[in-house]
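Before any comments, here is the structure.
The values are calculated or read from the model by the stated rules, or taken from the named source; none is laboratory data. The model shown is predicted, which means the values in this text are computed figures rather than measured ones. Here the Cβ positions follow ideal geometry from the backbone for every residue, glycine too, while neighbour counts run over all protein chains shown.
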């Protein structure tokens, strides 16, 4: 589903190269964990996959279902089924979370040639999805992410993911700022979306998230490229030996 070939990318403003020859393949149905120390390029990779404009790809390609997406803007990528859950979700004052969800879902349906959902249909979808994440519907009347706790922000993003049903889910440090109870709820929400026709890229620093979202593959980034790949046991090796021990062996 996702194939990244010899990707090189830099910050558009100052030309600093962050991604330096990254290769990665993620198949449909697979959950791939991306791990690595600070500054290794993990979050940059997520932004580039989503089409963020302040990064420039200078070499290589990103194929999604066999098609290059480098020339597609973020909205076009979203319409094709690419979803990014941010490490630090943006606050949008003045926009109620419920209204944001309705506009996002109906915009996606329009791009797919589907009719917009009527209010009763939409409310039933939201109520069912929010209930599975232990979200109070009153929270959805508040401005998006404004005053939300870390756990509420992550629940809101997983709620978006449930409603939009993307095919490629990129989760950038979803465990950041979560206590253990919120982590379990968010992880259950992610696990409920695992399916044979959906791929997930889970970016994290720590093994603890992978106790709840068990990956099919683990890939270690260092200096902007994948230096080692393996199964879920690789994350346990990191826990025991640290990045220095694993990256040193791979060098």
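Data for the structure
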read-out: Residue among 142, 198 that alone is farther than 30 Å from residue 16 by Cβ and touching a residue at least 60 places away in the same chain (Cβ under 8 Å); value: 198
read-out: Leading residue by the ranking (nearest to the chain's Cα centre (by Cα)) among those in the range 185-209 that are modelled with pLDDT under 85 and either farther than 12 Å from residue 157 by Cβ or part of a strand (DSSP E or B) (or both); value: 205
read-out: Any hit, the range 172-180, residues being touching a residue at least 12 places away in the same chain (Cβ under 8 Å), part of a helix (DSSP H, G or I) and exposed (fewer than 15 other Cβ atoms within 10 Å of the Cβ); value: no
read-out: Meets criteria (within 20 Å of residue 190 (Cα to Cα), without any contact (Cβ under 8 Å) to a residue 40 or more places away in the chain and either touching a strand residue (DSSP E or B) at 6+ places or on another chain (Cβ under 6 Å) or in a helix (DSSP H, G or I) (or both)) for residue 109; value: no
read-out: Residue that is surrounded by the most Cβ atoms within 10 Å (Cβ to Cβ) [pool: residues in the range 98-110 that are under 19 Å from residue 136 (Cβ atoms) and touching a helix residue (DSSP H, G or I) at 6+ places or on another chain (Cβ under 7 Å)]; value: 101
read-out: Conditions (1) assigned to a loop (DSSP other than H, G, I, E, B); (2) touching a strand residue (DSSP E or B) at 6+ places or on another chain (Cβ under 8 Å); (3) buried (at least 19 other Cβ atoms within 10 Å of the Cβ): number failed by residue 146; value: (3)
read-out: The listed residue being in contact with a strand residue (DSSP E or B) (Cβ under 7 Å, 6 or more places away or on another chain), at pLDDT below 95, surrounded by 15 or more Cβ atoms within 10 Å (Cβ to Cβ) and at positive phi, out of 51, 41, 60; value: 41
read-out: Search result, residues across the range 11-38 that are at negative phi and crowded, with 20+ Cβ neighbours inside 10 Å; value: 18, 19, 22, 24, 26, 31, 32, 33, 34, 35
read-out: Flag if residue 158 is at pLDDT 85 or above, over 21 Å from residue 91 (Cβ atoms) and touching a helix residue (DSSP H, G or I) at 6+ places or on another chain (Cβ under 9 Å); value: no
read-out: Strands (runs of 3 or more DSSP E) contained in the range 1-105 and holding at least 3 residues in contact (Cβ under 8 Å) with a residue 24 or more places away in the chain and farther than 27 Å from residue 218 by Cα; value: 92-96
read-out: Residue list for the range 211-237, filter: part of a helix (DSSP H, G or I), under 21 Å from residue 180 (Cα atoms) and in contact with a strand residue (DSSP E or B) (Cβ under 6 Å, 6 or more places away or on another chain); value: 235
read-out: In the range 87-97, residue modelled with the lowest pLDDT [restricted to those that are under 14 Å from residue 152 (Cβ atoms) and surrounded by 15 or more Cβ atoms within 10 Å (Cβ to Cβ)]; value: 89
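Rundown of residues vs (1) surrounded by fewer than 20 Cβ atoms within 10 Å (Cβ to Cβ); (2) in a helix (DSSP H, G or I), yes/no style:
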| position | (1), (2) |
| --- | --- |
| 120 | yes, yes |
| 127 | yes, yes |
| 134 | yes, no |
| 153 | no, yes |
| 156 | no, yes |
